[in-house]
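One structure is given below, encoded as C-alpha cells.
The values are calculated or read from the model by the stated rules, or taken from the named source; none is laboratory data. None of the values given here were measured: they were computed from a predicted structure. Heads up, the Cβs are rebuilt from the backbone with ideal geometry, glycines too, and the neighbour counts pull from every protein chain shown.
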2 protein chains.
Amino acid sequence: MVTPDTEHAKIIGWVHEVRDLGGLAFFLIRDRTGIIQVTIPKKKASEEVLAAIKGVSRESVVQVTGQVKAMEKAPGGRELLPSSFDVLSRSDSPLPLDVVEKVPADLDTRLDVRFLDARRPRVAAVFEIRSAVLHAVQQFLHKREFTQITTPKIVAAATEGGTELFPIAYFEKEAFLNQSPQLYKQMMMAAGFEKVYEIGPIFRAEEHNTTKHLNEATSIDVEVSFADHYDMMTLLEEMIITTYEHISQTCQDQLANLEIEEFEVPKGPFTRLPYAEAIEIAAKKIDEPIKYGDDLGSAAERAVGEEMGAHYFITDWPSSIRPYYAMPYEDDPSICKAFDLMHPRMELSSGAQRVHQYDLLVSQIIAKGLSPESFEFYLRPFRYGMPPHAGFGVGAERLVMTMLGLQNIREAVLFPRDRHRLVP
Amino acid sequence: MVTPDTEHAKIIGWVHEVRDLGGLAFFLIRDRTGIIQVTIPKKKASEEVLAAIKGVSRESVVQVTGQVKAMEKAPGGRELLPSSFDVLSRSDSPLPLDVVEKVPADLDTRLDVRFLDARRPRVAAVFEIRSAVLHAVQQFLHKREFTQITTPKIVAAATEGGTELFPIAYFEKEAFLNQSPQLYKQMMMAAGFEKVYEIGPIFRAEEHNTTKHLNEATSIDVEVSFADHYDMMTLLEEMIITTYEHISQTCQDQLANLEIEEFEVPKGPFTRLPYAEAIEIAAKKIDEPIKYGDDLGSAAERAVGEEMGAHYFITDWPSSIRPYYAMPYEDDPSICKAFDLMHPRMELSSGAQRVHQYDLLVSQIIAKGLSPESFEFYLRPFRYGMPPHAGFGVGAERLVMTMLGLQNIREAVLFPRDRHRLVP
C-alpha cells in the first residue's frame, strides 16, 4: 500500500502506466487509495533496479521501496526514487481490456473480465458506493431495533405461484431457489419478532433479457408487525433519504470518479399518487392502450415518472393485479393497501400491509388460481395468532442504478447473472 | 406494543396465559419487550370487554386499551385495567407446541412450527444474538474500511472440484449453487479491492446428517490483499473477540433468557498450534488410529480442544489435505500457509494465504486431480497482475452455536436445511 508521507516508503500496487524517456523511466503505481509516480534516473539506479524494470508490463503487481520526495509535476505532488523494485505478479500483454480507459469497451467485454474492468476508478466507485448503500441501510434499520434475519434460499414452494423458478435437485426431492423472502419474513411476524430485515439474494427465472432485470439480484426485505402500509411508506421514504444522505456525505471521491457533480438527495415527503391517477397520466402520455386494471409497463412507468420528476409512491392498487398477500381495503376490497416506490426511471420497491386473517388469505390464494395445499407451511402460522403486519422489498441493484444514473442494471452488480451469462 | 409507563395505554400482543378466578380474570399479554398483566374485575368491566374475553385462546393476538396501575404482584409491577379488548387474530387450540415451555419438545417438532417455537424467550434470544453477531462483524469490518461485496450464488463451476454440489437447471445450461465465495473474493483481489467481505448463503450437498453441518449455511467471508496468513489470524482473532465483547455488552437480557450466567469473552492471543502437534495430541488421546497427513475428525477435534481449553489456531497444515489455493511454504512445500480457527468443540473457520502465482496455481490444481480448463474464469485474473493475498471464511451458525453452547447447529438457524428437511 502507498504510504507516501514517510520519507522512506514501501509501496505495492499495479503498474498503471510506464514511460521510458531514455535516461529517465517513470512508473505510475496504482492502488485503492490512488496513484504515485516512481521515478528512475537510470544513471543513478542500482543494477538490481535496472534489471527488475526491464520489460515490466502494465497492470503487473510490483513492490517498490525508496525515498519519497516532493515533485510538483507528479500526481499527488510527490515521487518515489526506488532503492528496490520487485515484480510480484507479471501481467500478460496485450490486456483484454484497457484499464486506463483510452479505449471504450462494450459491457459484455467488461463483464467477461470484470477483474480488470473493476480496476478502473469509475467502476470501482460504483461498487464502493454499493457497499456504502448496504451499510447505510443496515445502520438505519439497526438504529430502529430491527432484527437481522436469514431465511432459506432453497425452498419447496413458490412465493407467488409456480412461474419463474429455478428448479434444484435437492437429494430425492424437487426444490426451488427462492424468488423472495416474503413468506418467511411474514412467518417471523407470527414468531413475534415485530421488526425484521434481510439483505440477501433472490432468484427469478425470467426469460427476458432487459436492462433493468437480473436473474439473481439482491433484495432488501423489511417486515414490521402492528404496522400498516402508511407506516411502511414513511419508513421506506426515510430509509431512502438517509441512504442518499450517507452517500452524499461519505462518497465524495467516488461520486467525483463517476463525474456526478451534483448529487441530489431526494426530498420528502414523496408524493403518494393513487394508481387510478397514475393510469390517467400514462393514458394521456403514451401511445399504447392502457386502462384501469392494467399493470404499468416500462413506457407507462417512464411517462408517469417524467410527470412526477422525483421519487413518488403509487398507492391503492387494484387487488386483481397484486399478490394474494396484499390487504384489501375494508370499505372497497377491489383496491388494496399495496404501494410501489417509484424512481422517475423505474420501480424501486413493492410493499403492502399484508393479510393477517387466515380465512381471507385462503380465499385470496384460491382467487388467484393457486392451491392452499401448496402453502400449508405458510398458512399454518396464520391459525395460531398472526399480528397485523406490513413490509416492503427494495431491489438493491435498482437503488444503486437509479442513484448513480447507470444505464444497465448489470453495471450495479459485480458478476451479473442473466439469460445468457453464467460466467465468470 | 406495550407502552406501560403512560396512564392510559394501548397494548398489542400474544395471550401468554389466561387465568379465570370467577370474579377476576387475568390475561398475561406478551410482546417482544416483555409481559404485562391485564386484570378484569368482572363486576366493573363493560359488557363489550366481558363479551370479548369469552373463550380467548392462548397465543391469540389481542389489542387492549386501558389504565395502567402499579400492582406489586404482577409481572413488571404493573397491571392494565381494560376499557377495550379486541381479538385481532384468534389462535386454534390445542397448540402444536407449548410456548410456555411446560412441555419440552424435541427439535424436529420445534422446527416444524418454528413460528411458535421462536415465540419462546430462550429461542428468540438465540436469533436476537445471531443478529447482534452479524451486526458486530459488519461494524468491525466497516471500521477497517472493508468493502461489502455480493458474489453470485448461481455458478458454472465448483470451488473445490465436483463433489457436494446442488445442480440447478439454468435455462439451457447446467449450473450449481455455490459452495463458497472463495474464487469470487479472490477475483476481487485481482480487481484491486484490497479488503472485501461478504456475509451470505453457501450450499453443500453433503449427504450426512450431523449436529454440526447444514446443507445451507451462512458464511462470513473475508479476503485481503498484501496480507499473509499471520495477518489473517490476527484479524480473525480480533473479530471474534470484538464480537463476543459486543454480545456481552448489548445482549444481557438475551443471555439471561438462555440462562448463561457467566458469558466469557475469549482472551487473545489464541495459541497457534502446528498441525503436527495437534496430531500428536489427538493420537495420544483417542482410540481411533490417526497419523500425520490425516484430517482431524470429530473425535480428534474434541480431544485436541479438550487439551487446549480455549479458542486456538491449527497452523502449518500438510499441503496434501488443503485446497489447491493454499500457499505452500517456500522452504517446505509439503506444508502450507493454511490455518483453522478452532473452538474447543469444533472448527469455526478456515483460512490461508492464497497462491497468487499463475503457474503454481495451475500445477496445484492438476496435483489435486482437477482440470485447469474448468477453472478458466478463475485462473484468468492470475495472468494480469494478482497481488499476494490471504483470507478466511467463518461459519456464522457455528460461531453462534459455540458462543451459546447450543447442542445442535439447527438451533442457530431459523429454517434449517438438511438431508431431510426442506420445509418450512
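At a glance:
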quantity: All positions within the stretch B:14-31 that are out of contact with any Phe, Trp or Tyr (no Cβ under 7 Å at 6 or more places or on another chain) and either on the phi > 0 side of the Ramachandran plot or without any contact (Cβ under 8 Å) to a residue 12 or more places away in the chain (or both); calculated: B:ASP20, B:LEU21, B:GLY22
quantity: Failed criterion for B:VAL103 (all others in (1) at pLDDT below 95; (2) outside any loop (DSSP other than H, G, I, E, B); (3) of a type outside the set (S, T, N, Q) hold); calculated: (2)
quantity: Count of residues meeting criterion [hydrophobic (A, V, I, L, M, F, W, C) and either surrounded by fewer than 16 Cβ atoms within 10 Å (Cβ to Cβ) or assigned to a strand (DSSP E or B) (or both)] in the stretch B:341-363; calculated: 6
quantity: Filter result for B:PHE193 (touching an Asp or Glu at 6+ places or on another chain (Cβ under 8 Å) and not charged (D, E, K, R)); calculated: no
quantity: Subset tally (residues that are among the hydroxyl-bearing types (Ser, Thr, Tyr) and crowded, with 16+ Cβ neighbours inside 10 Å) for the stretch A:243-279; calculated: 3
quantity: Lone unmet requirement of (1) surrounded by fewer than 22 Cβ atoms within 10 Å (Cβ to Cβ); (2) touching a His at 6+ places or on another chain (Cβ under 6 Å) for B:ILE335; calculated: (2)
quantity: Qualifying positions in the stretch B:176-190 - at the interface with another protein chain (Cβ under 9 Å from one of its Cβ atoms) and crowded, with 23+ Cβ neighbours inside 10 Å; calculated: B:LEU177, B:TYR184, B:MET187, B:MET188, B:MET189, B:ALA190
quantity: Test: residue in the stretch A:159-167 that is in the same structural domain as A:PRO387 (by TED's automatic domain parsing), aliphatic (A, V, I, L, M) and crowded, with 22+ Cβ neighbours inside 10 Å; calculated: no
quantity: Residue in the stretch B:380-398 that is nearest to B:ILE129 (Cα to Cα), counting only those that are more than 7 Å from chain A (Cβ to nearest Cβ) and in contact with a helix residue (DSSP H, G or I) (Cβ under 6 Å, 6 or more places away or on another chain); calculated: B:GLU397
quantity: Residue among A:THR109, A:THR150 that is more than 25 Å from A:THR33 (Cα to Cα) and away from chain B (no Cβ under 12 Å); calculated: A:THR109
quantity: The lone exception for B:PHE392 - which of (1) modelled with pLDDT of 95 or more; (2) under 32 Å from the mean Cα position of the chain (by Cα); (3) in a helix (DSSP H, G or I) it fails; calculated: (3)
quantity: Matching residues, the stretch B:343-373, being within 25 Å of A:PRO94 (Cβ to Cβ) and of a type outside the set (A, V, I, L, M); calculated: B:HIS356, B:GLN357, B:TYR358, B:ASP359, B:PRO372, B:GLU373
quantity: Residue check, A:GLU376 within 13 Å of chain B (Cβ to nearest Cβ), within 30 Å of B:SER93 (Cβ to Cβ) and among the charged types (D, E, K, R); calculated: yes
quantity: So B:LEU97, is it in a loop (DSSP other than H, G, I, E, B) and within 14 Å of another protein chain (Cβ to nearest Cβ); calculated: yes
quantity: A:ILE366 surrounded by 22 or more Cβ atoms within 10 Å (Cβ to Cβ), β-branched (Val, Ile, Thr) and on the phi < 0 side of the Ramachandran plot; calculated: no
quantity: The stretch B:164-201: number of residues that are touching a residue at least 40 places away in the same chain (Cβ under 8 Å) and assigned to a strand (DSSP E or B); calculated: 7
quantity: Condition check for B:GLU373: at pLDDT below 95, not basic (Lys, Arg) and not in a loop (DSSP other than H, G, I, E, B); calculated: yes
quantity: Number of positions in the stretch B:43-71 that are surrounded by 13 or more Cβ atoms within 10 Å (Cβ to Cβ), without any contact (Cβ under 8 Å) to a residue 24 or more places away in the chain and either acidic (Asp, Glu) or assigned to a loop (DSSP other than H, G, I, E, B) (or both); calculated: 0
quantity: Meets criteria (at pLDDT 95 or above and within 18 Å of B:PHE392 (Cβ to Cβ)) for B:ALA326; calculated: yes
quantity: Qualifying residue in the stretch B:289-303 (condition: farther than 22 Å from B:LEU235 by Cα, in the same structural domain as B:ASP231 (by TED's automatic domain parsing), surrounded by fewer than 23 Cβ atoms within 10 Å (Cβ to Cβ) and among the β-branched types (Val, Ile, Thr)); calculated: no
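Conditions tested, residue by residue: (1) touching a Gly at 6+ places or on another chain (Cβ under 8 Å); (2) surrounded by fewer than 17 Cβ atoms within 10 Å (Cβ to Cβ).
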{"residue": "A:ASP86", "(1), (2)": "no, yes"}
{"residue": "A:SER91", "(1), (2)": "yes, no"}
{"residue": "A:VAL113", "(1), (2)": "no, no"}
{"residue": "A:PRO121", "(1), (2)": "no, no"}
{"residue": "A:GLU128", "(1), (2)": "no, no"}
{"residue": "A:VAL133", "(1), (2)": "no, no"}
{"residue": "A:ILE149", "(1), (2)": "no, no"}
{"residue": "A:ALA157", "(1), (2)": "no, no"}
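Residue-wise test of (1) assigned by TED's automatic domain parsing to the domain that holds A:TYR244; (2) of a type outside the set (Asp, Glu); (3) more than 21 Å from B:LEU183 (Cβ to Cβ).
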| position | (1), (2), (3) |
| --- | --- |
| A:VAL64 | no, yes, yes |
| A:ALA70 | no, yes, yes |
| A:ALA74 | no, yes, yes |
| A:PRO82 | no, yes, yes |
| A:PRO96 | no, yes, no |
| A:ALA105 | no, yes, yes |
| A:VAL123 | yes, yes, no |
